[in-house]
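*Asks:* Just passing along the structure, written as structure tokens.
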Amino acid sequence: TLFTLYSFLYVLRLNEGNNAGINIDERKKMERENFTIWSIFFLEGFSQYPRLEVVLFVFSLVMYLATLLGNSTLILITILDSRLKTPMYLFLGNLSFMDICYTSASIPTLLVNLMSSQKTIIFSGCAVQMYLSLAMGSTECVLLAVMAYDRYVAICNPLRYSIIMNRCVCAQMATVSWVTGCLTALLETGLALQIPLCGNLIDHFTCEILAVLKLACTSSLLVNTIMLVVSILLLPIPMLLICISYIFILSTILRISSAEGRNKAFSTCSAHLTVVILYYGAALSMYLKPSSSKIQKIDKIISLLYGVLTPMLNPIIYSLRNKEVKDAMKKLLGKIPLHKTHEHL
């Protein structure tokens with residue numbers, strides 16, 4: 001992760017250096033070709049609806065604070081509670097950290113712009129925002145598939161679970177998720193920064209890569225191809241793996257004779273499945289619709305819900321559907337005596 005971040009900053013500095021080093025003849029040539037080097041971008045966001053912006057500011061602020069509190073609490077209890085030192089909660093801690101990073105990359109800028117008449121962002125800030133959003137979103141796609149495999153092993157091969165999902169394997173799977181997400185985001189962002197833009201008004205409330213690419217003077221076959229390949233690798237393929245895992249999980253659960261055993265197996269998977277439906281439902285609704293001005297307005301609303309509401313719901317879903325998490329939270333808040341906690345252990 002650090003390597004990809006340093007690589008991204010190097011590409012960003014190189015791009016800015018190249019922009020700064022363009023001579024007069026090249027700049028005149030670029031102006032004749034009807035594009036220029038933009039150092040600042042304007043985010044249109046919801047500026048056409050000034051009254052709505054106040055409502056969105058309050059909504060986004062409350063959701064962002066709840067996201068920070070809920071996900072930070074979930075990370076804290078997975079670190080402090082010895083009962084939660086399992087692969088499932090290791091991946092859940094990574095998911096919560098991703099949600100914090102994802103929302104922190106865009107929501108603070110959104111809050112400032114909602115209350116400002118000049119909704120602007122500098123080039124480097126736009127690039128960093130684009131990279132972090134892509135990196136966290138891509139990493140979450142892979143991690144959700146990893147979590148589905150973890151649930152498959154836990155239910156379909158319970159006797160071998162501790163052997164298959166040992167600490168080393170879990171660390172490697174989490175690392176693969178992060179590296180895949182960060183490298184694909186680095187590739188997409190690096191290519192997007194090299195495309196000449198014929199405007200600096202982004203029809204979105206963040207530097208979302210598809211909204212930025214709409215400003216391109218000419219379409220790039222290389223960028224479009226890479227975007228398509230990455231989208232296929234990170235959306236349909238992980239979703240297919242998740243579906244296959246849950247087909248085997250459902251088949252195994254239905255063969256459990258006791259109702260109590262079936263209910264326990266369902267409860268361990270329902271939280272993860274709910275998060276998967278929310279995440280992929282929003283992502284597919286954004287990226288599989290045709291482009292038009294009316295749909296673009298709907299996309300901004302969906303993107304806001306996807307970027308603010310879903311990260312806030314994740315810790316709530318896992319805490320409400322999971323007895324171990326609820327007990328750990330009660331222990332952390334001091335609502336149950338310590339001797340009762342030891343009795344549960």
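The values are calculated or read from the model by the stated rules, or taken from the named source; none is laboratory data. Note that the structure is a prediction, hence the values are computed from the model and not measured. Every residue, glycine as well, gets a Cβ built from its backbone with ideal geometry; the counts of neighbours run over all protein chains shown. Side chains included, ligands, DNA and RNA excluded: accessible areas come from the protein's heavy atoms. Shrake-Rupley method; radii C 1.70, N 1.55, O 1.52, S 1.80 Å.
*Asks:* As I understand it, the dipole of the stretch 33-139 uses +1 on the Cβ of Lys and Arg and -1 on the Cβ of Asp and Glu, about the Cα centre. Which of Gly70, Ser104, Ser82 lies farthest toward its positive end?
*Replies:* Value computed over the given set: Ser82.
*Asks:* Let me ask something else. With every protein chain kept in place and ligands, DNA and RNA left out, what is the accessible area per residue of the stretch 27-167? Probe 1.4 Å, answer in Å². Don't skip to the end; give the middle numbers.
*Replies:* Numbers: 6580 Å² over 141 residues.
Accessible area per residue: 47 Å².
*Asks:* Something else about it: Where the accessible area of the stretch 123-199 is counted over protein heavy atoms with a 1.4 Å probe, how much of it, in %, is carbon and sulfur?
*Replies:* Values: 1970 of 2870 Å².
Taking all protein chains in place, the stretch 123-199 shows 69 percent carbon and sulfur surface.
*Asks:* Taking the simple approach of a point 7 Å from Cα along Cα-to-Cβ for both Arg262 and Tyr161, what is their distance in nm?
*Replies:* Those two pseudo-labels are separated by 1.9 nm.
*Asks:* Modelled label-to-label distance, Val169 and Leu240, 7 Å Cα→beta-carbon offset: nm?
*Replies:* 2.3 nm
*Asks:* A further question on this structure: Mind ordering 71-81, 131-141, 203-213 by average Cβ neighbours within 10 Å, highest first? It would help to have the intermediate numbers written out before the result.
*Replies:* Details: 71-81: 18.5, 131-141: 24.5, 203-213: 21.4.
The peptides rank, most packed first, as 131-141, 203-213, 71-81.
*Asks:* Trypsin sites (Lys or Arg not before Pro) within the stretch 53-135: which are DSSP loop residues with at most 11 other Cβ atoms inside 10 Å? Don't skip to the answer; put the middle values down first.
*Replies:* Working: sites: Arg83, Lys85, Lys119; in loops: Lys85, Lys119.
Passing both the DSSP loop test and the Cβ count: Lys85.
*Asks:* Between Lys323 and Ser104, what FRET efficiency follows from the Cβ-Cβ distance if R0 is 25 Å, with the result rounded to 0.05? Don't jump to the answer; show the numbers that get you there.
*Replies:* On the way: r = 30 Å, r/R0 = 1.21.
Computed FRET efficiency for Lys323 and Ser104: 0.25.
*Asks:* If you put +1 on each Lys and Arg Cβ and -1 on each Asp and Glu Cβ, how big is the dipole of the stretch 26-170 around its Cα centre, in Debye rounded to 20? Walk me through the numbers on the way to the answer.
*Replies:* Details: 11 positive and 9 negative charges, 47 e Å.
My answer is approximately 220 debye.
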